[in-house]
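S.K.: A single structure is presented below for examination.
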Amino acid sequence: MITGAGIVTSLGTGWAENAGGFRLGRTAFGPVTLFDVSGQRVKVAAQVNLPNELPPTRLSRRSQQRMDRAARLLLHAGHEAWTQAGWEPMEGLPLVLGTTGGGMSLGEALYRQAIQPPYGHRGQPARVVHYQPQRQALDLQEALGFVGPITIIANACASGANAIGHAWELLRHGQAQRVLAGGYEGLSQLIYSGFDSLQALSPTQCRPFDAHRDGLALGEGAAVVALETLESASRRHAQILGEIVGYGAVSDTHHLTQPHPQGEAAWAAMTAACQNARVSPEEIGYVNAHGTGTPLNDSAEAAALNRWAGSRAKTLPVSSTKASVGHLLGAAGAVEAVICLMALYEHWLPPTSTLSTPEPACAFPILSRPMDAKVEYALTNSFGFGGANASLILRRWG
Amino acid sequence: MGMSRIIVKGAGAVSPAGWGAAALTNALERGTPLPIEGLAGPAPGRPLRVRRVPVANPKPAFTAHPRLRRTSPIGQFAVAAALEAIGPEPGRLTENGARLGIVYCSMAGCVNFSRRFYDETLKNPSTASPVIFPETVFNSPASHLGALLGTQAIDYTLVGDPGTFLQGVALAAGWLDSGRVDNCLVIGAEELDWLVANAAEMFHSESIVGEGAGALLLCGSANGCGIELQAVTSSYPFSSKLQRAAAAIKARDEARPDVQNTLLCDSTQAVARLDSDEIAAWSDWPGPRISPKRICGESFMAAAAWQCVAAVQAVASGRFASAQVSVVGCNQQAIAARFGKQNSDEGRGTRDEGSARVD
């Protein structure tokens, strides 16, 4: 059961701002101001307008000052999920997070100072410590007042979905009663430059599943969910927002950065998630696609969705919310799971706002306008570099 | 919940002692710290002190694989250790639909290529190499290994401090226990870079950074014989309420090792300030102990993997009935694990919440 959810994207901080934005199909991209992009081919991203103040927590002022942007994004989302769940400080609470870069901006600052004479160490030890994802996880624990085992999954762009899926498995196998899980990612120069070097960034506009799509747009943000067993939630009369019911994780060995052209692993991940959830594609009411907007990803995912959905495809609503907030890499799977949760809870479906000419290979309708709908099950896909493929299925509660 | 036994089918290592678990074992038995080399850093005339993996001669055959031609050392170390753990017939692990899972663990990750790519970005982003960037991603070694072995089963790349390797072992045990996979590789790997050595030196000038990888191949077995994963304790994260020293004691207390004929493989590295918490936690240990980091250097996740490989080798040699592994990590957690010779008449065990205990 999901009893708390927190989300930060370029649309805003918190459930209300994000639900409002996704429900209306808003987009939130702008010029990158966090680092120098003057030499890059593309200069736009979905940068978060981060509040100046962190939410009130147990972290000391000094600890707060040492947190980098990614850690702050995580703290905002974690605090919202924690508060919404109404959890109290506790021991033995597992924390499962997904990220690809951790505190990469601190790692970059470390390097820039390290190569400059006089090669001084001033400020460097703190950068070494706070660059590492485990420090960000420990800070979140300290802030919210809980302790427990930390698992950090770095499966590239599937990390956030893997984190929530793994947390769900801990509950399912009786290894925990509650788990805090999610994903986070701050924009960084290295990763931005990396995607630009691959010419994966759109020089025009991110248009997932559009026939004229020409690349992705990077974003940043975080999402965290408070998961607990039904027994635990019922015992404390917690408000249940929704439920994770299925998880599939499969490896695509085709290529380091390109999916199998027919989306074999994507199909297998969706199929495994359905088997876990004991539902068929006919019962899925909405798919939040990985839908990056790159020619290769979207054609492979379309092939996989066509095959997986079969006859259901022609009426299955699919959209990619990366059209609104970009690709959040290690946070994407968690953010998109929370978008599904909001949609199930509030009875709407988010659109692919930038779609103009649907890719003809898609046998399914691609939502290009916001839609009110009360669906039972939503599936969300996340596929990453290295072939990490993950699918989650969420169910509406009540 | 009921749990099948978790058997260690194989172990492999690449270390400054050489390519292969035997080289590591021999170096640990000799007990003499390996020679220190100088590694050029950005500051002229101030080489950093490191222990490098020797150049492989001959070059491993797997480097001819299209996915492995241009991997950085960490990928090659990881693959070499994994292939050694698997043995001569890797294809058998994925025959007839058998599922081979991968848990790959690292702390610093693919730092050679990350540093190189970022340097190119700072100089001129328009010429930063698209060939290098994908190799900077934490999970690229696991991806290459999966492609080489042809496995499509679940794989996770875990990051964290060295204790994460034991969490990875527990995760693999969980996957085997739940039937998620039929076999599972757990790999810990790191590569040397001046950036890492420089960072380590900022905290402890005596610390000698090393590199390499270690791997275990685990399988579930209801009634098999061999080297068994007997227990992994809970992870004890460091916090303001549980300082590192106290976490080390908690892990030691939960481990409850049988001191009879047991070898302790600890994570000390001959750096007094770093070692003191672990030394205090295990101060009453009466038996023999080995410390791979003292011989091969501080190699973070790879070193934790070497501890497990050394533990398995010690039990396999028949000299010890069991081996206790203690990892008191640098900035996240304390955790312990135990390997032992399996008796075929032992009963099935139960798993503690959050751990893979079988006792």
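The values are calculated or read from the model by the stated rules, or taken from the named source; none is laboratory data. Not measured: the values here are computed from a predicted model. No Cβ is skipped: glycine too gets one built from the backbone with ideal geometry, and neighbour counts run over all protein chains shown.
S.K.: Could you check how many residues of the stretch A:117-136 are within 18 Å of B:Ser239 (Cβ to Cβ), assigned to a helix (DSSP H, G or I) and at the interface with chain B (Cβ under 8 Å from one of its Cβ atoms)?
M.R.: The number of residues fulfilling the criteria is 4.
S.K.: Out of all the residues in the stretch A:98-116, which are more than 10 Å from every other protein chain (Cβ to nearest Cβ), of a type in the set (A, V, I, L, M, F, W, C) and either surrounded by 22 or more Cβ atoms within 10 Å (Cβ to Cβ) or touching a Cys at 6+ places or on another chain (Cβ under 8 Å) (or both)?
M.R.: A:Leu106
S.K.: Any residue at all in the stretch B:169-180 that is of a type in the set (S, T, N, Q), within 14 Å of chain A (Cβ to nearest Cβ) and part of a loop (DSSP other than H, G, I, E, B)?
M.R.: yes
S.K.: Checking B:Asn96 against (1) more than 14 Å from chain A (Cβ to nearest Cβ); (2) crowded, with 19+ Cβ neighbours inside 10 Å, which single condition isn't satisfied?
M.R.: (2)
S.K.: B:Ala11: buried (at least 19 other Cβ atoms within 10 Å of the Cβ), part of a strand (DSSP E or B) and either in contact (Cβ under 8 Å) with a residue 24 or more places away in the chain or in contact with a helix residue (DSSP H, G or I) (Cβ under 7 Å, 6 or more places away or on another chain) (or both), yes or no?
M.R.: The answer is yes for B:Ala11.
S.K.: Let me ask something additional. Is there a residue in the stretch B:128-135 that is in a helix (DSSP H, G or I) and under 25 Å from B:Ala336 (Cβ atoms)? It would help to see each step written out before you state the result.
M.R.: First pass over the stretch B:128-135, keeping only residues in a helix (DSSP H, G or I): B:133-135.
The next check asks that each one be under 25 Å from B:Ala336 (Cβ atoms); those that pass are none.
So far as the stretch B:128-135 goes, no, none of its residues is in a helix (DSSP H, G or I) and under 25 Å from B:Ala336 (Cβ atoms).
S.K.: Considering only residues that are crowded, with 18+ Cβ neighbours inside 10 Å and out of contact with any helix residue (DSSP H, G or I) (no Cβ under 6 Å at 6 or more places or on another chain), look in the stretch A:3-25 and name the one that is farthest from A:Trp87 (Cα to Cα).
M.R.: Among those that are crowded, with 18+ Cβ neighbours inside 10 Å and out of contact with any helix residue (DSSP H, G or I) (no Cβ under 6 Å at 6 or more places or on another chain), it is A:Gly25.
S.K.: Let me ask something additional. For the stretch B:31-67, which positions are in contact (Cβ under 8 Å) with a residue 24 or more places away in the chain and in a helix (DSSP H, G or I)?
M.R.: If the condition is that a residue be in contact (Cβ under 8 Å) with a residue 24 or more places away in the chain and in a helix (DSSP H, G or I), then B:Phe62 is the only one that fits.
S.K.: Shifting gears a bit: Would you be able to tell me the number of residues in the stretch A:281-322 that are among the charged types (D, E, K, R) and either within 23 Å of the chain's Cα centre (by Cα) or modelled with pLDDT under 95 (or both)? Give the steps one after another, and end with the answer.
M.R.: Narrowing the stretch A:281-322 to residues among the charged types (D, E, K, R): A:282-283, A:298, A:301, A:307, A:312, A:314, A:322.
Subset that is either within 23 Å of the chain's Cα centre (by Cα) or modelled with pLDDT under 95 (or both): A:298, A:301, A:322.
Going through the stretch A:281-322 one residue at a time, the tally reaches 3.
S.K.: I would also like to ask the following. For the stretch A:1-105, which fully contained helices (runs of 4 or more DSSP H) count at least 2 residues that are under 29 Å from B:Thr157 (Cα atoms)?
M.R.: The qualifying helices (runs of 4 or more DSSP H) are A:61-66, A:69-85.
S.K.: Check off (1) more than 29 Å from B:Leu218 (Cβ to Cβ); (2) of a type outside the set (Val, Ile, Thr); (3) in contact with a His (Cβ under 7 Å, 6 or more places away or on another chain) for B:Pro47 and give me the number that stays unchecked.
M.R.: (3)
S.K.: Looking at B:Asp182, B:Asp177, which is the one that is in contact (Cβ under 8 Å) with a residue 40 or more places away in the chain, surrounded by fewer than 24 Cβ atoms within 10 Å (Cβ to Cβ), in contact with a His (Cβ under 9 Å, 6 or more places away or on another chain) and not assigned by TED's automatic domain parsing to the domain that holds B:Asp266? Don't jump to the end; show me each part of the working.
M.R.: Numbers: B:Asp182 fails: in contact with a His (Cβ under 9 Å, 6 or more places away or on another chain).
Of the residues listed, the single one that is in contact (Cβ under 8 Å) with a residue 40 or more places away in the chain, surrounded by fewer than 24 Cβ atoms within 10 Å (Cβ to Cβ), in contact with a His (Cβ under 9 Å, 6 or more places away or on another chain) and not assigned by TED's automatic domain parsing to the domain that holds B:Asp266 is B:Asp177.
S.K.: Output the number of the condition that A:Ala70 fails; it satisfies all remaining conditions of (1) surrounded by fewer than 20 Cβ atoms within 10 Å (Cβ to Cβ); (2) within 14 Å of another protein chain (Cβ to nearest Cβ).
M.R.: If we test A:Ala70 against (1) surrounded by fewer than 20 Cβ atoms within 10 Å (Cβ to Cβ); (2) within 14 Å of another protein chain (Cβ to nearest Cβ), just (1) comes out false.
S.K.: Oh, and also: Can you pull out the residues in the stretch B:113-130 that are more than 9 Å from chain A (Cβ to nearest Cβ) and surrounded by fewer than 24 Cβ atoms within 10 Å (Cβ to Cβ)?
M.R.: Listed by number, the residues that qualify are B:Arg116, B:Lys123.
S.K.: Which one of these does A:Gly174 not meet: (1) surrounded by fewer than 22 Cβ atoms within 10 Å (Cβ to Cβ); (2) over 22 Å from B:Gly174 (Cα atoms); (3) within 9 Å of another protein chain (Cβ to nearest Cβ)?
M.R.: (2)
S.K.: Something else now. Name the pairs: first residue in the stretch A:174-202 and within 17 Å of A:Leu140 (Cβ to Cβ), second residue in a strand (DSSP E or B) and of a type in the set (D, E, K, R), Cβ to Cβ under 6 Å, at least 6 apart or on different chains?
M.R.: A:Arg178/A:Glu228
S.K.: In addition: Has the stretch A:306-316 got any residue that is crowded, with 24+ Cβ neighbours inside 10 Å and in contact with a Cys (Cβ under 6 Å, 6 or more places away or on another chain)?
M.R.: Residues of the stretch A:306-316 that are crowded, with 24+ Cβ neighbours inside 10 Å, as a first pass: A:308.
From what is left, the residues that are in contact with a Cys (Cβ under 6 Å, 6 or more places away or on another chain) are none.
The answer is no, given that none of the residues of the stretch A:306-316 is crowded, with 24+ Cβ neighbours inside 10 Å and in contact with a Cys (Cβ under 6 Å, 6 or more places away or on another chain).
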